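Here the structure is laid out as structure tokens; the discussion comes afterwards.
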Amino acid sequence: MTIFLNLRLFISILILREACTTNSEEKVTMANQYLLSDEYIVQFSRGLSRGPYFDTSATKNVTSLVGKTGHLNCRIKNLGNKTVSWIRHRDLHLLTVSESTYTSDQRFTSIYNKQTGDWSLQIKFPQLRDSGIYECQVSTTPPVGYTMIFSVVEPITSIPGGPEIYIDLGSTVNLTCVIKHLPDPPTSVHWTHNNQEINYDSPRGGVSVITEKGDITTSYLLIQRARIADSGKYSCLPSNANPMSVNVHILKGDHPAAVQKSSNLISDFLNMLFLPIFLIYLVL
């Protein structure tokens with residue numbers, strides 16, 4: 001109670017000093033509004049007495065690409081003289097305390113931003129195994145923490161329509177290679193046919209490639225006037241991602257032999273399934 005009264009008296013003195021520079025009407029207004037306001041004093045004292053707390057507006061889910069530095073940001077208010085630590089939940093490993101690293105894995109670093117109050121855990125060259133839950137913890141009694149989910153994704157190469165693609169004789173082969181989740185766009189994307197790099201200036205002609213680089217890189221292989229000899233295995237090879245292959249079949253007729261064979265197998269299966277039922281029905 002004594003502390004409360006002393007705090008109230010201290011604030012009142014500060015307000016009176018400010019009021020001395022104003023006219024008499026403003027003095028009366030300030031006195032009525034502040035000096036006798038218990039609610040104002042209580043709110044002020046609560047602000048001073050509240051301990052560290054987290055700004056929960058920051059995202060709890062962070063995604064990073066394999067090999068690209070990731071940051072987990074933890075914003076803390078009223079930290080005072082408390083310390084901030086980062087803990088990995090998978091093995092309860094203490095990674096950092098304040099700005100010191102407490103693990104032999106030097107990819108983990110704690111960075112403090114004085115302007116924003118952010119304590120960031122920096123993870124260099126992240127790998128898939130680094131995915132999981134991490135906790136920003138403040139050294140109160142008991143400790144308080146804020147958990148975040150860190151997800152690491154790896155590059156994906158795909159060719160839609162694969163692994164088997166059927167093209168009519170004389171039409172245009174259009175193969176599309178899509179590369180996602182790359183730290184940086186590939187410096188080059190090569191195409192091969194039956195493990196041989198495609199020569200776009202060959203006498204055959206009509207073969208071209210268009211590559212669009214960005215967050216998602218897309219490479220288009222175009223082969224005009226498809227021939228039987230164009231059948232085979234086609235592979236897309238990005239310079240910084242896994243390759244992807246498809247088998248292209250150039251057809252003389254309307255349907256591929258594989259599809260015809262599949263249709264025959266289905267027909268045989270249905271005959272075997274329904275013939276006994278039909279015979280039983282006749283007997284009955």
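For the reader, a short list of remarks on this structure follows.
- When the test is whether a residue is among the aliphatic types (A, V, I, L, M) and either open to solvent by less than 60 Å² (accessible area, probe 1.4 Å) or modelled with pLDDT of 90 or more (or both), Leu237 passes it.
- Checklist (1) at pLDDT 90 or above; (2) within 30 Å of Lys77 (Cα to Cα) applied to Asn174, failing item: (2)
- Near pairs, Cβ below 9 angstrom, 6+ apart or cross-chain, from region 159-177 (within 20 Å of Thr217 (Cα to Cα) and of a type outside the set (Ser, Thr, Tyr)) to any residue that is open to solvent by less than 50 Å² (accessible area, probe 1.4 Å) and part of a loop (DSSP other than H, G, I, E, B): Val173/Ala226; Leu175/Ile159; Leu175/Gly162; Cys177/Ile159
- Per this entry, Thr63 is counted among residues that are open to solvent by 80 Å² or more (accessible area, probe 1.4 Å), touching a residue at least 40 places away in the same chain (Cβ under 8 Å) and not hydrophobic (A, V, I, L, M, F, W, C).
- If you filter region 111-135 down to residues that are among the β-branched types (Val, Ile, Thr) and open to solvent by 30 Å² or more (accessible area, probe 1.4 Å), you find that the one that is nearest to Val66 (Cα to Cα) is Ile133.
- Output for region 174-193, where each listed residue is over 30 Å from Lys124 (Cβ atoms) and open to solvent by less than 80 Å² (accessible area, probe 1.4 Å): Leu175, Thr176, Trp191, Thr192, His193
- Each residue in region 200-216 was checked for being open to solvent by 90 Å² or more (accessible area, probe 1.4 Å) and at pLDDT below 90, and 3 pass.
- Residues of region 77-98 satisfying the condition of being of a type in the set (S, T, N, Q), under 18 Å from Gln115 (Cβ atoms) and open to solvent by 70 Å² or more (accessible area, probe 1.4 Å): Asn78
- Only residues that are within 21 Å of Gly170 (Cβ to Cβ), of a type outside the set (Ser, Thr, Tyr) and not in a loop (DSSP other than H, G, I, E, B) were counted in region 210-227, giving 3.
- Taking region 240-267 as the range and being in contact with a Leu (Cβ under 8 Å, 6 or more places away or on another chain), modelled with pLDDT of 90 or more and open to solvent by 60 Å² or more (accessible area, probe 1.4 Å) as the test, only Pro243 passes.
- Tyr146 being aromatic (Phe, Trp, Tyr), farther than 22 Å from Gly67 by Cα and open to solvent by 30 Å² or more (accessible area, probe 1.4 Å): no
- None of Ser98, Ser139 is over 30 Å from Asp215 (Cα atoms) and without any contact (Cβ under 8 Å) to a residue 24 or more places away in the chain except Ser98.
- Test: residue in region 158-165 that is open to solvent by less than 20 Å² (accessible area, probe 1.4 Å), under 26 Å from the mean Cα position of the chain (by Cα) and closer than 22 Å to Arg129 by Cα: no
- Sole exception among (1) hydroxyl-bearing (Ser, Thr, Tyr); (2) at negative phi; (3) at pLDDT below 95 for Ser98, by number: (2)
The values are calculated or read from the model by the stated rules, or taken from the named source; none is laboratory data. Because the structure is a prediction, the values reported are computed rather than measured. For neighbour counting, all protein chains shown are included, and Cβ atoms are generated from backbone atoms with ideal geometry for every residue, glycine included. Please note that ligands, DNA and RNA were not included when accessible areas were found on the heavy atoms of the full protein model with its side chains. Shrake-Rupley method; radii C 1.70, N 1.55, O 1.52, S 1.80 Å.
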